[in-house]
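Below is one structure; the comments refer to it alone.
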Amino acid sequence: MNEAKNKKLVGLTSSVFAVIVGLLFGFIILIFSNPSQALPGFLTILTGSFTHGLKGVGQVFYYATPIILTGLSVGFAFRTGLFNIGTPGQFIVGAFAAVVVGIRGDFLGNAQWLVAVLVSMVAGALWALVPGALNAYFNVNVVIACIMMNYIGMYLVNFTVKGSKALFDSLRNQSISVDKAAQIPKMGLNIIFPGSSINGGFFIAVLVVIVIHFLLNKTTFGFELKAAGFNRDASKYAGMNEKRNIILSMAIAGALSGLAGGLVYLAGSGKHIEIVDVLASEGFTGISVALLGLSSPFGILLAGLFIAYITAGGFYLQLFEFSTEIIDIIVAVIIYFSAFALIIKTLMGRFDKKRNGGKKA
């Protein structure tokens, strides 16, 4: 087994281990909370998504759509040597841009939803451009810059929505509904999964996964982005514009998060921008999806579906008098143990090096 295959196997094993530990930890919590209902509650987490048949499956795809994209945003940044923890801010800014077009862009006709989706990507990219430029030109820590931009984005969107009579519903303390033409078409999925909230946004997310995989692994541009992120001095010596590549990496990552926000608020499922001082949870869930999926686009797709699956199943825990927050605990444990994959890889690498007398496996 060569070194590349060995690393992939170790990474996959680590992810599976993190999932198992997270589920077992959740089961233990159920036992301490209500021993008599622990086993039925745990089985509900594993099978609850199928309680309503195809409707439940459609809901899984609906929940997975934004976290696949935010996970892809984090994973893309990881692959280019950056840590994009600014997904919540990029998500809500992209959502805001989509909502504005969705409310005020009625003159666009049937193209309103498509323009709103594209605008959400542009807004997310521009928001991520700031920490990217600060890192590239002034060596500002990208994590700190992203965290700052998260809160600026959240408060700026709240302030703008609340201050605009054309966007704000004062009775419900949220943005008003987008036009019907701005809602993403179902693309036939409502027939396959009747009663669910799924729409064509899931197809868009899968398409983006394929595009990012191709970009990172099959293009010279993708290689340059990865090279600039991991060693900007070496990439500069090789003739690459490392500053431009770092900025572009963050912009693409931001566009993915902004797209996630646009797809959520254009879904036509009653989602509105609420004026609350809380960062978008989809952005932070994207971190766990990226870790669990090993920053691989297709791995992130599977990880996003898994997280959405247990989230959908967790809603039925209330039937057994359990709190649905148990799912959040399970996901949190999975995040921690997914992070341990880096430690396991390092230890395995040292072991292989010693076993082979200091030579590469």
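If you compute Cα extents along the principal axes in Å for the structure shown, which of (1) 81, 46, 38; (2) 70, 60, 36; (3) 142, 49, 40 do you land on?
Only one listed value fits the structure, namely (2).
Using per-residue counts of other Cβ atoms within 10 Å, averaged over each peptide, order 183-194, 250-261 from highest down.
Ranking the peptides 183-194, 250-261 by packing returns 250-261, 183-194.
So with the 1.4 Å probe, I'd like the accessible area per residue for the chain, rounded to whole Å².
It amounts to 48 Å² per residue over the chain.
Going down the list LYS162/LYS243; LYS8/LYS218; LYS55/LYS218; LYS55/LYS271; LYS243/LYS271; LYS55/LYS162, which pairs span over 28 Å between their C-alpha atoms?
LYS162/LYS243; LYS55/LYS218; LYS243/LYS271; LYS55/LYS162
Just reorder PHE223, PHE83 by solvent-accessible area, largest first, 1.4 Å probe, all chains present.
Ranking PHE223, PHE83 by accessible area, largest first, yields PHE223, PHE83.
Relative to a virtual label point 7 Å from the Cα of LEU114 in the Cα→beta-carbon direction, which members of segment 197-239 show backbone nitrogen distances below 17 Å?
Only 200-205, 207-208 pass the distance filter.
Per the 1.4 Å probe, what fraction of the accessible area of segment 10-118, in percent, lies on carbon and sulfur atoms?
For segment 10-118, the apolar C and S fraction of the accessible surface comes to 76 percent.
So, with a 1.4 angstrom probe, what is the percent of accessible area on segment 162-211 that is carbon and sulfur?
Carbon and sulfur atoms account for 64 percent of the accessible area of segment 162-211.
The values are calculated or read from the model by the stated rules, or taken from the named source; none is laboratory data. The structure presented is a predicted model; accordingly, all values stated were derived computationally and were not measured. Using ideal geometry, Cβ is built from the backbone for each residue, glycine included, and neighbour counts are taken over all protein chains shown. Areas reflect the complete protein model, heavy atoms only, side chains present, ligands, DNA and RNA absent. Shrake-Rupley method; radii C 1.70, N 1.55, O 1.52, S 1.80 Å.
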